[in-house]
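Structure first, then comments.
Only the coordinates and a few stated rules stand behind these numbers; no lab work does. Small disclaimer: the values here were computed from a predicted structure and weren't measured. Please note: Cβ atoms are built from the backbone with ideal geometry, for glycine as well, and neighbour counts cover all protein chains shown.
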Ligand code: HPA
């Protein structure tokens, strides 16, 4: 059975507890090694990847995003549901609520952003008009409706370099630029998924208001606490989305880069 679906668990989502018969695999790629757990959910094989490694040991700026996405591509994954703990810049998007983001702003500084660094691998200028798969976002919002979850369809995810949180002045600037949410991981993950021809969407969980909007200083513990409180909703959303996914894809995520370009990722 091919593993066509993967969940990338971000901060606070470390445990693939909806899966059974779990086995661990290390996948080696031209960009390095990555670890996944593969299990079953209702007759489907699902891969689960911890973005921050075991025990949240890898900070956002050091995640090997290329190995992670190339590894999933090698497994045969066609769809990725990513989770992300985020701060909110938009007062309408409150702690405890979900946002299925539809755009990003990139404020990262030193991350490999592409699989295609020239030479043998060629050069690719990938289209990111709809960076997060429209169809997948649609499915997630239908499931969220059925579950009566508090969610927002669409939002601009600003990726900062981290690992520190932002200053209040930065949050003010990002608000003026049109950002709704702030986190440290969506770029380059979303871009690499597009380069690999994999449908990708992110369930953002708002854990706090951004610095300066929040009345208190920010702590990682606060972020984990809110993630923990909403873990059950996130689990239900993941389960519902897995079941609602169909193999037929109308979106163009998989054709954004010509298929022969993907061969190198499988090497
Ligand atoms: N900023 C950046 N990343 C985050 C935040 C934040 O306020 N909250 C959770 N992840």
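Sorted from fewest to most neighbouring beta carbons within 10 Å, what does the list 235, 137, 164 look like?
Numbers: 235 14, 137 21, 164 10.
Fewest to most other Cβ atoms nearby, the residues stand as 164, 235, 137.
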Run the helix sum for the chain: -39,500 (n - 2.57) per DSSP H stretch of 4+ residues, divided by residue count, reported at 222 nm to the nearest 500 deg cm²/dmol. -8000 deg cm²/dmol
For the chain, what size does the Cα cloud have along each of its three principal axes, sorted from largest down, in whole Å? 50, 43, 35
Taking the Cβ of each residue in 141, 20 as the centre, tally the other Cβ atoms inside 10 Å and list the residues starting with the fewest. 20, 141
Mind sorting 44, 23 by how few other Cβ atoms lie within 10 Å of their own Cβ, fewest first? 23, 44
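Rg over Rh of the range 30-174, using C-alpha atoms and the Kirkwood radius, what does it come to?
Values: Rg = 17.0 Å, Rh = 17.7 Å.
Ratio value, two decimals: 0.96.
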Whole-Å distance linking the alpha carbon centroid of the range 112-150 with that of the range 170-194 is 14
Looking at the range 1-74, I'd like the Rg to Rh ratio, where Rg is from alpha-carbon atoms and Rh is Kirkwood's inverse mean 1/r. 0.95
The range 153-256: Rg/Rh from Cα coordinates, Kirkwood Rh? 1.02
